[in-house]
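> Below you will find the structure I want to go over with you.
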Amino acid sequence: MDGAHLFDPATAVLLGCLFLLMLAFLRHYTQKTPLPYEAWIILVGIVYAQIQPHLALLPPVGFQPEVIMLMILPLLIFAEGRSVHIQSLLQVAYPVAYLAVAGVLFVAATIGFSIAWLMGIEPIHGLLLGAALAATDPSAAGVVLRRFSIPEKLLMTIEGESLFNDGVAIVLFTTIAGLVLFEQQVTFTSVALDTLWIVLAAAPIGWLLGWVTAKVVVIWSVRNEFTGLTLTIVLAYGTFLLAEHLLHISGIIAVLFAALAFVRGRYTKCEEMKRDGNDAFQSFWAYIATLAGSTVFFMLGVAIGEHTFVLSWAIPGIVLIVLLSRVALIYASPWFVSSCRRWPMAWRHVLTLGGLRGAIPAALVLTIPAEYAYREDFLCLVFVVVTTTLFIQPLLLKTYLKRAPIESD
């Protein structure tokens with residue numbers, strides 16, 4: 001079939017419908033399988049990458065980091081943020097802050113120095129990979145956790161960590177990339193101050209935009225109508241663009257706080273306590289989150305399927321390093337242990353297994369210029385870590401939860 005058919009409108013609509021149909025079938029039939037839905041999407045993407053070159057009808061699918069970071073990530077962050085109860089988040093503020101800030105720095109340093117030693121490269125290059133792998137993904141772990149009776153406090157800690165540490169990890173990665181790739185001259189003080197500005201300035205900006213949008217929606221009485229729902233999409237994208245491209249602060253943190261403020265301003269206190277997924281706003285954003293997340297994991301699967309892997313001791317080494325860094329973060333840190341001393345030990349086991357990696361580490365590494373000497377090696381390692389955490393850890397987590405029910409603190 002001629003390649004021009006790929007751009008025929010009817011063909012494009014047909015392929016889009018087939019993609020949505022595939023997602024619907026997978027979503028329905030994988031609900032009770034040991035692997036989470038996201039892992040099955042990656043498998044489909046890997047298979048697609050193998051058969052696509054042999055079928056002219058199928059278009060190539062590229063994992064474009066710009067698409068992920070600009071078009072999909074704001075939607076995912078806003079969707080996750082609108083489901084967070086602020087009061088529940090405040091109850092776990094200290095452990096979340098520790099995991100999202102100190103935890104990112106610790107994990108990045110542990111992975112960075114270890115992989116630098118293992119690969120025989122300079123530590124600063126290893127730290128670039130460590131910063132990318134410091135970002136976690138709550139979606140796959142959440143799918144497994146919600147099948148069991150999990151205390152809200154523990155679930156909020158896992159989700160809160162991932163929501164906030166993505167922003168910190170991206171800021172850290174960008175800073176180290178400037179040192180490695182562009183040889184920027186910076187001092188520790190300037191880096192610390194810039195990071196504080198990028199992260200802390202994003203919170204009030206996002207909160208203000210979310211609060212204003214919520215008041216507009218309430219005054220116009222369009223909370224569950226087309227106008228109100230459309231404004232939420234504009235809020236997510238507009239906040240991200242304003243933060244990242246105009247103010248040069250963290251777009252992820254800004255969008256997260258915009259979502260928190262919007263939901264808080266959209267509901268009354270009574271409605272906030274009993275809100276669920278029955279209204280149009282919650283259902284609308286639940287659908288967007290599932291569709292956007294599915295698209296990301298499919299693209300990630302295609303990228304993994306197209307990548308050429310080279311056998312190296314660094315492959316099993318990186319998996320072990322990532323796991324041990326998580327273990328040390330949860331069990332060996334005196335600050336975390338002292339602040340969470342009342343937590344049952346089973347909670348720490350779940351926190352350890354819940355530190356999954358998703359598309360953000362891959363997207364970050366893909367932003368590295370092609371001429372960078374270790375780009376392909378880093379891509380290989382990131383793909384291995386992502387597939388390992390999404391396929392192995394959910395199975396271990398499910399097995400553990402079946403054998404050891406989690407009690408409240």
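> Take His28 and Leu15, extend 7 Å from each Cα along the Cα→Cβ direction, and tell me the distance between the two endpoints in nm.
Calculated label separation equals 2.5 nm.
> Using Cα pairs closer than 8 Å and at least 6 residues apart in sequence, work out the relative contact order for the chain, in percent. Present the calculation step by step, with values, prior to reporting the outcome.
Details: 533 pairs, mean separation 113.0, N = 409.
Computed value for the chain: 28 percent relative contact order.
> Continuing with the same structure: Viscosity 0.890 mPa s, temperature 25 °C: give me the Stokes-Einstein translational D for the chain in µm²/s, with Rh taken as the Kirkwood radius over C-alpha pairs. Kindly include the intermediate steps, with their values, before the conclusion.
Working: Rh = 22.1 Å.
It comes out at roughly 111 µm²/s.
> Here's a follow-up. By how many nm would the segment from Trp117 to Leu241 grow when fully extended, if each residue of separation counts as 0.36 nm and the alpha-carbon distance is taken off?
Once the chain is fully extended between Trp117 and Leu241, it gains 40.8 nm.
> Which order do Trp211, Trp197 fall in if you start with the one that has the fewest other Cβ atoms within 10 Å?
Fewest-to-most ranking of Trp211, Trp197: Trp197, Trp211.
> Give me His125, His85 ranked fewest to most by other Cβ atoms within 10 Å of their Cβ, as a rough exposure proxy.
His85, His125
> Continuing with this model, one more query. With charges set only on the Cβ (+1 for Lys and Arg, -1 for Asp and Glu), what does the dipole of region 367-408 come to about its Cα centre, in debye to the nearest 20? Don't skip to the end; give the middle numbers.
Values: 4 positive and 4 negative charges, 77 e Å.
Magnitude of the dipole: close to 360 debye.
> What list do you get for Lys402, Lys32 if you sort them by fewest beta carbons within 10 Å?
Numbers: Lys402 10, Lys32 6.
Starting with the residue having the fewest Cβ neighbours, the order is Lys32, Lys402.
> Which one of Pro344, Leu329, Leu364 is farthest out on the positive end of the charge dipole of the chain, using unit charges on Cβ (Lys, Arg +1; Asp, Glu -1) and the Cα centre as origin?
Value: Pro344.
> Shifting gears a bit: If you put +1 on each Lys and Arg Cβ and -1 on each Asp and Glu Cβ, how big is the dipole of the chain around its Cα centre, in Debye rounded to 20? Don't jump to the answer; show the numbers that get you there.
On the way: 22 positive and 25 negative charges, 309 e Å.
Using Cβ point charges on Lys, Arg, Asp and Glu, the chain gives about 1480 debye.
> At R0 = 30 Å, how high is the FRET efficiency between Val327 and Ser88 if r is their beta carbon distance? Nearest 0.05 is fine.
With R0 = 30 Å, the Cβ-Cβ based efficiency is 0.70.
> Work out from phi, with θ = phi - 60° and the Karplus expression 6.51 cos²θ - 1.76 cosθ + 1.60, the ³J(HN,Hα) of each residue of region 313-330, listed in order in whole Hz, and give x for Gly and Pro.
5, 5, 5, x, x, 5, 5, 5, 5, 4, 5, 5, 5, 5, 4, 5, 5, 7
> Still on this structure, please answer the following. Beta carbons within 10 angstrom, averaged per residue: use that to sort the peptides 101-107, 162-168, 15-21, highest first.
For the peptides 101-107, 162-168, 15-21, the packing ranking is 162-168, 101-107, 15-21.
> Using the Karplus curve 6.51 cos²θ - 1.76 cosθ + 1.60 with θ = phi - 60°, what ³J(HN,Hα) values do you get for each residue of region 84-90, in whole Hz, with x for Gly and Pro?
Each residue of region 84-90 in turn: 8, 8, 4, 4, 5, 5, 5 Hz.
> Between Leu58 and Ala373, 0.36 nm times their residue separation minus their Cα-Cα distance comes to what? Mind dumping the intermediate values first?
Details: separation 315, 0.36 × 315 = 113.40 nm, distance 3.24 nm.
Difference between extended and current length: 110.2 nm.
> Consider a paramagnetic label point 7 Å from the Cα of Leu311 along Cα→Cβ; state which residues of region 100-120 have an amide N under 20 Å from it.
Label zone hits: 119.
> Could you size up the charge dipole of region 15-154 around its Cα centre, putting +1 on the beta carbon of Lys and Arg and -1 on that of Asp and Glu, and report it in debye to the nearest 20?
Charge dipole of region 15-154: 480 debye, to the nearest 20.
> Among all lysine pairs in the chain that are eight or more places apart or on different chains, how many have alpha carbons less than 23 angstrom apart?
8
Bear in mind these aren't lab numbers, they're just calculated from the coordinates by the rules spelled out. Model, not experiment: these values are computed from the prediction. Note that each Cβ is placed from the backbone with ideal geometry, even for glycine, and that neighbours are counted across all protein chains shown.
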